[in-house]
1. Can you tell which of I70, I50 is β-branched (V, I, T), assigned to a helix (DSSP H, G or I) and open to solvent by less than 30 Å² (accessible area, probe 1.4 Å)?
2. Just checking, which of L136, L65 is out of contact with any Ser or Thr (no Cβ under 9 Å at 6 or more places or on another chain), modelled with pLDDT of 95 or more, crowded, with 18+ Cβ neighbours inside 10 Å and not polar (S, T, N, Q)?
3. Test N3 against the stated conditions and say whether it is free of Cβ contacts under 8 Å to residues at least 24 places away in the same chain, over 17 Å from I132 (Cα atoms) and surrounded by fewer than 15 Cβ atoms within 10 Å (Cβ to Cβ).
4. Cβ contacts < 6 Å: first residue on the phi < 0 side of the Ramachandran plot, restricted to region 105-118; second residue modelled with pLDDT under 90 and in a helix (DSSP H, G or I), any location; separation 6+ or different chain. Result?
5. Looking at (1) open to solvent by 40 Å² or more (accessible area, probe 1.4 Å); (2) more than 26 Å from E146 (Cα to Cα); (3) not aliphatic (A, V, I, L, M), can you tell me which one P76 breaks?
6. For region 24-43, which positions are within 22 Å of the chain's Cα centre (by Cα) and part of a helix (DSSP H, G or I)?
7. Six or more apart or on different chains, Cβ under 7 Å: which pairs go from a residue in region 52-76 that's without any contact (Cβ under 8 Å) to a residue 60 or more places away in the chain to one that's part of a loop (DSSP other than H, G, I, E, B) and open to solvent by 20 Å² or more (accessible area, probe 1.4 Å)? Could you list them?
Amino acid sequence: MGNTLVQSQMIDVKKFLETAIIEFESFLNEATLSGLIREKEGNIDYYKNILSNLRKLLVFCEEGLEACGIIVKNEPFAKAAAEKTLYRIYHQCIEEFFAPKSDAWFEDSRSAYTGKNSIKFRQETPESIKAIFRNLEGQFQKIREELEYYETDYRTKMIQSK
């Protein structure tokens, strides 16, 4: 992939991460466990798990944003570092958004055909949590499609270099 394309993707991902961070921070700064329980009575441990996953996603996005900012500013453009960073963002941010390791929620791949949101929760969930996913899902999906290339290309390069 050419430097210009990778650099353009870095700029797009940087903008996306800035938006995602604002959304996550806004929600997490206001959300409390007691507030979620008041909103919808449910499993407190499940709610804790969701909040924990959202905090992790926020940290991953912040780390990715910091890396993007450094790479975009550097002259000359470091294509290899950019590709490695995009690969990491794909796995730590995008994959975690759609399928967290804790399995607090999952992606229903059939939803893509129905035009509905694809994030499904394993248990009853307050509307405020569902809303943050609705607000961000389309943006995460768009970036996932742009970065899927790195899933195979970067891994192939690493195997070939060994």
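The values are calculated or read from the model by the stated rules, or taken from the named source; none is laboratory data. Quick caveat: nothing in here was measured; it's all calculated off a predicted structure. Please note: Cβ atoms are built from the backbone with ideal geometry, for glycine as well, and neighbour counts cover all protein chains shown. Keep in mind that these areas ignore ligands, DNA and RNA; they rest on the heavy atoms of the full protein, side chains included. Shrake-Rupley method; radii C 1.70, N 1.55, O 1.52, S 1.80 Å.
1. The unique qualifying residue is I50.
2. Answer to the check: L65.
3. No: the conditions fail for N3.
4. Matching pairs, first to second residue: S118/S111.
5. (2)
6. F24, E25, S26, F27, L28, N29, E30
7. N53/S102
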